[in-house]
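Worksheet for the structure shown next.
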C-alpha cells in the first residue's frame, strides 16, 4: 500500500484549520512551517506529497484560508531542501503555462531533490483562473488536445539528455557528450519546441507523471503517460471501477497496468472516539454548516431547513428518506442519519466532502484503507488531514504503525527516488513510443 | 556604493571555471554548492545576487559548462532558505512567460525570503530561445509593448493586496480583509488579467523591479518601473552617460532619479600580481583564445593571425594600430597591447569580455570601483568572479574590507529587505500612476 498526502495551504484540509489552537496563523506564507509538516510526513514514510493547485483567490477569504498552496514549485523547492526521501508531486496546468518553462522547473526540482519530483499534468477548467490569464477557457476537446501535445513536449524535453550525457570530467575537460544530447523538434497544433532542455537527467532519469483529470479524455491521458493517478472517489465500488478503467486504458496504450498506481482520497479527523472527533470537525468548520443543510436534504430526498441543524431526522423524515441517485454519497449520508445523529453531526461525518472521511479513532482509518486496498479499489491513498499541526501526528505516529503491523505498509523507504517509491521504472532519454 | 554579484551556473563566470582545481564538478546541479556560494556572498554583505537567464542550450557544451543557472526561481528558492539578508534578483522573460505565473512565483519568493526578491524584467531576443517556445520572435516594437503591459499587470497583481489586508486573526476568525483586496482588471493589446493574486504583501510590500535591456525602449521601461539597472558598459564615460540617461528617463516618468540605481559590471580574476592573474585566467579559458585573435585584430585595425598568440605586437604593428571606433573596448585593448604583453595575455586581460575586467591584485578592483563610483559612473557594481570556489573569497575577505576601510561600502546590512538594501521605498498596493 502506498501513501501520499495532500500538501496544501500550510494549515490543513479544513477551511477553518488556520484558526485552531496551536496552529501557526501565518502558515500560509511561513516556509519553516510548511517544511516542518513535510518533514513530519517523511517521518511517517509517506511515499509522496501531492499539491493540487488553484491559481485564483477563493471567494470566502474573509473567514477561510486560501485553500491551496501559495505557489507549488517554490514550496516544493523549499521542501526538497528540507527533506531527504519523500516524493514531491505538484500540479501544473497544461492550459496556462509554457511547456518549456514547466519542463525546466520540474526537471530542476527533480535534480535538487535527487530524483523525487512528479508532475500532475492537468488542464484547467475554472473560468476564474482563465480570467487571471486574460483568456477564455478553450473548449474541452481543445484543452485535451493541447494537454497531449504538452505532455509529449515536456517528456521530450526531459528526455533530451540521455543517460550518461553529462560527463563533468575535469581531467579530460569534457563537460557533456553532445552525441547524447538530442533536439526535440516536436510541433503540434497548439505547441512546439526545438529543444533540447539545458538540464541533465536526475537520479530517476526524469520526473514522474501524475494525472487527476476526469472523464474519458482524462483517462486516455492517464493511460498513456501517467504513473500515478489521484482519484476523487466516494465509494469503494466507484474506486474499483475507476482503477480498473485506468488499468484498461494503460493496456490499450501498450503499457503494463502495474506501472500506474491509483490513489483514493481519504480525509481524516482523528480523535479517541466518534463524539470527540465530530466536535473537533465542527470546531474547525463551524461557519459552513448551515448552507449545506439544503443540499443534504436533496441527497436524502427531503426538504430540510437549517433550523433543524441541531436535531436528528424525525421518524417521519427517516421513513420518507430516499438516497439520491445523482450523488454516490447519498447512501452513506442516509446510513449516518439513520444512526440518530443531529444534522450537524451528519454533515460533520463528511458526507458531502470530496472524499471519504474518517471522523473517529485512528483504527477506523486503518480499517478503511485495508478494506479498500484488499478489494482492489486502490493501490494507495492520498490522505487529507484536517489540520497538519495536530491532525497529522496521529497519522504518522498511530496510523502508520497499525498499517505496518498489519503488513500493509513499508517500514522504511527502500529506494531513493519517487520512481523507487512507486515501483515504476526509471526513465532516461525519450519515450520510444513518442519518437 | 552597492554591490551585487552575478549568480550563474554554480562554477563562475569563466567558461572553464567548472574544471578548475577544487571546484565541485557537479556545481551546475548541486544546490548545496549553489547555496554555499550565496552564503559566501552574504558574508561579504553584498546587497544582492543577480541571475541572468538563457533558456536554451549553449553550443559548446562539450567543453564548457552551460553558462547560466539551471533554473533561476528554483535556485533562488533554495538560496532564500539558506540565507538571511542578501537580495535575490532573477531574470524573467516578458516574451515567453505568463504574467500571472511570473507574478505569483516572484511574490512567493518575496514572501519566503521575507522581502528580498527582485525581478529583472526583460524581453527575449534570441531566436534559439524562441524556438524552444515554438514561436518566432515578435518584432522589437511589439516585444516592448508587451513588456510594458507585462510589468503593469505584474505590479497590479503584486499590489492587489493592500498593506494590512492579511489579518490571520485567530481570535476574531478573520483571515483577510476583503475590502483591502482589489481585482486588477487590466487589459492591453497583448495581455490581460482580472486578479487579484491570492498572495499577501511581503515585508517590503512587493518585489523590486530591475531592468537590463538596451536602447531607448529599454531605457523607457527602466525609467518608468525599475529600481535597479544592470548595465553592460565598458568605459567609465559610457557608464556615466548611461547612468545619466537613466536618471533623465526616471525624471521624465515623474520619479525621483535617486530611486533608480545603476550597476556597472566588473569581472574579476584576482591573484597577488598581474602575471599570476593572467596565468589563472588563461588556465580557465584556454580553449577559446585562438578564435578571438581575429577580432582583436579588428579592434586594433590590424590583420592578426592566431600563430602570433604567444607573441606581442611588433613595433611595426604597434605603429600601424588604430583603435576601432565600432568597439569602445578598443582603446583599452591597444593600451594593454602597447605594454608588450603577448596577444594571449592581451586577451587574458579581458579586453573583449562583456564588462571591464580586473586581472590582478584585489586593490586594483577596489581602485576601479572607487574611481567609477566617485565619477558618478555607477551607484554600484555587479561583480562577476571568474570562479566562485576560490575567486569569490578574495572579494569577500579582501576587496570588501578595503572598500569598507575607504568608507565606500557598508559594514553590515542596515535593513532586512532588498528595498532597504537599495534605499528605495517599500511599495504596497498598486502604483498610483498605473490606476
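Just so you know, all these numbers are worked out from the coordinates, no wet-lab data involved. Only a predicted model underlies this, so the values are computations on that prediction, with no experimental measurement involved. Methodologically, a virtual Cβ is constructed for each residue, glycine included, from the backbone with ideal geometry; neighbour enumeration extends over all protein chains shown.
Odds and ends about this structure:
- Neighbouring partner chain Cβ atoms per residue of A:147-157, average, 10 Å criterion: 0
- Rounded to the nearest 10 degrees, the inclination of helix B:31-43 to the longest alpha-carbon principal axis of chain B is 90 degrees.
- As a calculated quantity, the FRET efficiency between residue B:367 and residue B:414 at R0 = 30 Å, using C-beta atoms, amounts to about 0.70.
- Of all beta bridges that DSSP places with both ends in the protein assembly as shown, some 15 percent have antiparallel geometry.
- Distances between copies of residue B:275, taken at a point 7 Å out from Cα along the Cα→Cβ vector and listed shortest first: 9.2 nm.
- Note: relative contact order over the stretch A:274-355, using C-alpha pairs below 8 Å and six or more positions apart, is 33 percent.
- Computed per residue of the protein assembly as shown from DSSP H runs no shorter than four, each worth -39500 (n - 2.57), the mean residue ellipticity at 222 nm is -10500 deg cm²/dmol.
- Sorted fewest first by neighbouring Cβ atoms within 10 angstrom, B:324, B:93 come out as B:324, B:93.
- Here the stretch A:327-341 is scanned for amide nitrogen atoms under 20 Å from the site 7 Å beyond the Cα of residue A:232 along Cα-to-Cβ, giving A:327-333.
- Cα-based helix-to-principal-axis angle, B:362-374 vs chain B, degrees rounded to 10: 60
- Rg/Rh (Cα only; Kirkwood hydrodynamic radius) as it applies to the stretch A:22-64: 1.04
- Projected onto planes of every orientation and averaged, the convex hull of the alpha-carbon atoms in the stretch B:22-105 covers 6.6 nm².
- Note on A:180, B:335, A:261: ascending count of other Cβ atoms within 10 Å places them as B:335, A:180, A:261, the fewest first.
- Sorted shortest first, the separations between the residue B:408 label point and its copies elsewhere in the assembly read 6.8 nm; each point sits 7 Å from Cα along the Cα-to-Cβ line.
- Between helix A:236-252 and chain A: long-axis angle, C-alpha atoms, 0 to 90°, nearest 10: 20
- When the square roots of the Cα gyration tensor eigenvalues are ordered a ≥ b ≥ c, the ratio a/c for the stretch A:103-204 is 1.5 or more and a/b exceeds b/c, which makes its shape prolate.
- Scaling against 2.2 N^0.38 Å puts the C-alpha radius of gyration of the stretch A:17-165 at 1.15.
- Shape parameters for the protein assembly as shown, alpha-carbon atoms, Rg then Dmax in Å: 29.5, 114
- Debye equation applied to the C-alpha atoms of the stretch A:274-355, log10 I(q)/I(0) at 0.13, 0.18, 0.24, 0.25 Å⁻¹: -0.34, -0.66, -1.22, -1.32
- Whole-number percent relative contact order across chain B, with pairs defined as alpha carbons under 8 Å at least 6 apart: 21
- Neighbour counts of C-beta atoms inside 10 Å place A:3, B:153 in the sequence A:3, B:153, starting with the fewest.
- Closest approach of any chain B Cβ to the axis that rotates B onto A belongs to B:77, 2, distance given in whole Å.
- Reported value for chain B: 149 Å³ per residue, from the convex hull of its C-alpha atoms.
- For residue B:294, label point 7 Å along C-beta direction: distances to other copies, nm: 7.8
- Antiparallel content of DSSP bridges confined to chain B, in %, to 5: 15
- Efficiency of FRET between residue A:276 and residue B:84 - r from beta-carbon atoms, R0 30 angstrom, step 0.05: 0.10
- Virtual paramagnetic centre 7 Å along Cα→Cβ of residue B:397, amide N under 15 Å, in the stretch B:261-288: B:270-272
- The mean number of partner chain beta-carbon atoms within 10 angstrom of a residue's beta-carbon across peptide A:198-206 is 3.
- The tail of the calculated P(r) for the stretch B:87-157 beyond 14 Å holds 60 percent of all Cα-Cα pairs.
- Counting, for every residue in B:123-132, the Cβ atoms of other protein chains within 10 Å of its Cβ and taking the mean gives 3.
- Building the convex hull from the alpha-carbon atoms of the stretch B:316-421 and averaging its projection over directions returns 9.0 nm².
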